[in-house]
Structure formats: structure tokens, C-alpha cells
2 protein chains.
Amino acid sequence: MGSGTHPADAAGDPAAASETGPLRWDIIELLFFAYRDFVGDADHVLEAFGFGRAHHRVIHFVHRYPGLTVADLLEVLRITKQSLGRVLKQLLDEEYIVQRAGDQDRRQRLLFATAKGEALVAKLAGLQTDRITRALRGFDRSETEAVGRFLRAMIDRDDPDKVLEQLLDHNRSVAED
Amino acid sequence: MGSGTHPADAAGDPAAASETGPLRWDIIELLFFAYRDFVGDADHVLEAFGFGRAHHRVIHFVHRYPGLTVADLLEVLRITKQSLGRVLKQLLDEEYIVQRAGDQDRRQRLLFATAKGEALVAKLAGLQTDRITRALRGFDRSETEAVGRFLRAMIDRDDPDKVLEQLLDHNRSVAED
DNA sequence: CTAGATACGTCAATATGGCTGACATAAAAT
DNA sequence: ATTTTATGTCAGCCATATTGACGTATCTAG
């Protein structure tokens, strides 16, 4: 209990400072509520399709990074093959995703979203985009850019997987608008 | 499928625009990764205590809003009484939280974090604060403020519960530093 | 060519954390 | 006195995660 780098501050004092600065209760809680409502948008739609968040994550990344292998997906989602298996099988059966054997390595299953899959992803991304656009309304260029920079800086950089690397590279090269 | 306000953009074109603007794939994915790593900080510690994320959420809000009732907590966390019951019982049994009957309404169980509970919350918040502080390093006042404004604007404002109202009010009155 | 490593699929068992429905108790409100 | 409210609890279901084991196809190294 005493091993933390942040000694407990006096109870009820949100601004109690330590050598490393005050605890950021504000941002911690804002992240909780913001993410809760952010994923909530998609949840309602997914329910109507008989899917859950797990399905969303899979179809999202498959759509965004076509030709993703099963192994890639496991790294990005940080789940086990068994967990992915169940969800992926449903998406394959219902034809939101198709597989193709790898060209160089025919053991690999390259994953692609079908038109049906793309439509679902776009619908979900649309809802989330609406929320983001609303939230950024009135932000000038430097403020918008700060938000992106903050989110990128919140992500662990040690052992980035293939997808994360692409995302971070892409973000660096494209100015936000 | 065709009911979305956002027609599917051409596959692979992240900047395809519709009347409502381009889909914000960048922010959508950054939020996913940022939140994943943000909660990941706490997960490792929690595991050592035999707790999960559910316990963290409960002890966190009880600590931050002392005297919170069970009903309040249900609203904030948006879970059922049965789900909360299991987790709350553990935290009570292991003395991370204590209850007290309400003063006006003795049916209510007002919840308070014990010193043990506070220490755990502070430890977890410390890890998350480190990440946030690192992410905001080099941000000037207006950039930091923009991040907070963005997160607040991402949150649903219809029927805010007691805790959320406090958080949003507090944030409005206190300049970020 | 054979041996081993790798990519993937799958079976079985288990845990966590959600859910619904039903019912009980104490205390407040009418 | 009755009803409503705040809470607790029992029983069972579901989604999603886990570990461990094993099978098969295919690539790679010797």
C-alpha cells in the first residue's frame, strides 16, 4: 500500500499536491464519462444487430486495415485466440467479414470487410463522428490539434503493434482538420 | 442498413466526406487506444488486490463523493443493484468502504471510503495521473483547457446524475492548471 | 526429406461482470 | 394503515474474457 509514488492526499482535498503534482481527478473522471457515452452510441445499434462491443472492435479494425491477419487482430485487441474465435466466427457466418489465404503464407487468414460489414462500420462510425464533431465545434486549429496530440500521448509506445504504428504514423503526417 | 445519416464512404479513403463531414477515424481509434492503456494502468494493480475494474469504479466514486448512496452509485455506473451488490459486498467485507445510515432517511446507506480504500484509490489515481501529466507535458494553458473542454463536450447532458452534475459544475468553475 | 515452428481452429472448463425476475425488510410518505 | 421507496438477496442467464490442450495445414531449417 505504501509503495505508490503518489501518497494519498488528505481526504476530500482534490487539489492536494505531491512532488509529482496534483492528482488529475478531473481528467480521470471526464475520461470515464466521455468514453462511456462514446461507446454507448454504438451499443444501441449493435444490439439491434445482435452484436456486442466485441463484434464492433473486430469489424472496425478489419474494415480499417484490410488484409489484417488473425494474429494482428489478437495483438490490437489484446484478447486471446479463443475469445476472438467466437466473435469472428459469427461475423464470418453472417458475412460481415470474409477470409482469404495469405499470398506468401497460406496459413494466414487475411480478413476483409464485406459491403455489409462496411455499411455497419460506417453507421457506427457516423454516430461516433457526430459526437466528436459536436464536441469539437468552435475549436480553432490549435485546440483541435491539441486534442489529437493529447490522445496520442496517452497511448503506450513500447511494443506498438502493426495497427497502432500505422495509426501513429498516419496521424503524424496528416494535419487534423 | 440504409438508415444511417452517414453513407459509407469509399473503402480505404479515410477522408471521404459527406454532408456531415468526414468520419473521424483518427479520433475514434485514438480514443480506443488511449482508453485501453489508461485503464490498463489500474488493471495490473487491481489484479494484485484480487479486484477488477468494477471494484475500481465503485471505490473511486465513493472516495470522491463521500456519502454517496447506493442509488446514486447505480445511476453513475449505470448498472443494476444486483451487479453492484456483489462488488460492493466485497469492498465492505474487506473494509475498503463503510456504510452509515442516512441522517434524514435511515433507509439509505451512505457510503464512505476507509483509509484503506483511500490509499487504494490514490494509488490507482496516481498511475493514471502520471499518464495524464506526461501526455499534457508541454501543453500551454489554452491547449490544456481545450482537452478538458473536449472531454466535457463528449459527455451526454440529458439527465445528468448527481455526480456528473457536480463534476461538470466543478470543472466549469475551476480553471484548469 | 524430415523435424520443428508457426498460424490458425477448436474443445473444455472457469471467471467476471453484466442482466432479469422475484421476493423480503425497514422506514418514509400518504 | 397502506403504499411507496431504499436496499438486500436468491436464482439463473448471457456475453466476454481467461487457461490449457490438442489437431491440422503450412512454412522453415537442417
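The values are calculated or read from the model by the stated rules, or taken from the named source; none is laboratory data. None of these values were measured; they are calculated from a predicted model. Every residue, glycine among them, receives a Cβ derived from its backbone with ideal geometry; neighbour counts consider all protein chains shown.
See the values below:
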{"quantity": "Selection status of B:ILE59, among the aliphatic types (A, V, I, L, M) and within 13 Å of DNA strand C (Cβ to nearest atom)", "calculated": "yes"}
{"quantity": "Conditions (1) closer than 30 Å to B:THR133 by Cβ; (2) within 14 Å of DNA strand D (Cβ to nearest atom): number failed by B:GLN104", "calculated": "(1)"}
{"quantity": "Matching residues, region B:21-35, being facing chain A (nearest Cβ under 7 Å) and surrounded by fewer than 19 Cβ atoms within 10 Å (Cβ to Cβ)", "calculated": "B:GLY21"}
{"quantity": "Out of B:ASP103, B:ASP158, sole residue that is more than 12 Å from DNA strand C (Cβ to nearest atom), over 16 Å from the mean Cα position of the chain (by Cα), assigned to a loop (DSSP other than H, G, I, E, B) and more than 9 Å from chain A (Cβ to nearest Cβ)", "calculated": "B:ASP158"}
{"quantity": "Residue within region B:44-53 that is at pLDDT 95 or above, within 14 Å of chain A (Cβ to nearest Cβ), closer than 30 Å to A:VAL147 by Cα and within 7 Å of DNA strand C (Cβ to nearest atom) present", "calculated": "yes"}
{"quantity": "Residue match in region B:92-115 (condition: closer than 30 Å to A:MET154 by Cα and out of contact with any helix residue (DSSP H, G or I) (no Cβ under 8 Å at 6 or more places or on another chain))", "calculated": "yes"}
{"quantity": "B:GLY85 vs. criteria more than 9 Å from DNA strand D (Cβ to nearest atom), at pLDDT 95 or above and among the small types (Gly, Ala, Ser)", "calculated": "no"}
{"quantity": "Some residue of region B:73-81 being within 12 Å of DNA strand C (Cβ to nearest atom) and among the polar types (S, T, N, Q)", "calculated": "yes"}
{"quantity": "B:GLY21 farther than 28 Å from A:ASP130 by Cβ and either within 12 Å of DNA strand C (Cβ to nearest atom) or small (Gly, Ala, Ser) (or both)", "calculated": "no"}
